[in-house]
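For reference, the structure is listed below as structure tokens.
Values quoted throughout were computed directly from the atomic coordinates according to the rules given, and no laboratory measurement underlies them. Remember, it's a predicted structure, so these values are computed and weren't measured experimentally. Because the Cβ atoms are built from the backbone with ideal geometry, glycine has one as well, and the counts that use them run over all protein chains shown.
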Amino acid sequence: MANSFDCPNCGQKLTAKPEMAGVIIDCPSCGSQIQVPAFETPVPMVPQTYGNQLASQQQYFQQGVPQSYGQPQPYPPQVVPQPYPQQMPAQQPYGYPPQMAPYPMPSTAQSGKSYHGMAITAFICSFFIAIVGLILGIVALNGMKDSGNPEGKGLATAAVWISLIWIVIVFLAVVGNS
């Protein structure tokens, strides 16, 4: 980490590493020879505590950290922070998480009004009341074509054909008996 200082002659801001303390260098701006000052090593900030804890930590940091690597190092005294009244977040209830809403089923309908119910009704009526099944089937097919929603098109088409077949059978039966 480089530390900065000013040239006493020209005021130029210079930087040097801490291990260069005491070395004489030339100022790049004015060319005068300057001795690099000794820099103070920053003392780490110690949390403010009460009683002996503060004094023991200050003594530890003033001694400096031992530089013998591989040897067991003493731990700094532990500072126990004073408890602060803090608002704790509400704890979630135990057990399984709450069940989420199920995903909606994908719709085959593109858009518009659905004529599926009318197609079902037309199909059922085509077996019992053929003329009603024919009318409902035609209305359902036209509605599906206008809305762009083909849901139930097969039922409506089947209702129209079954109704037509029943109408032809009834017509032939009435004409044949006369």
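Tell me, what is the FRET efficiency for Cys10 and Ala38 to the nearest 0.05, using R0 = 22 angstrom and their Cβ-Cβ distance as r?
Taking R0 as 22 Å, the efficiency between Cys10 and Ala38 is 0.55.
Could you work out how far apart the two model spin labels at Phe127 and Ser178 are, taking each label as a point 7 Å from the Cα in the direction of the beta carbon, and quote it in nm?
If labels sit at Phe127 and Ser178, their model points lie 3.0 nm apart.
In terms of Cα to Cα distance under 27 Å, which lysines are near enough to Lys153, apart from those fewer than 8 places away along the same chain?
Partners within reach: Lys113, Lys145.
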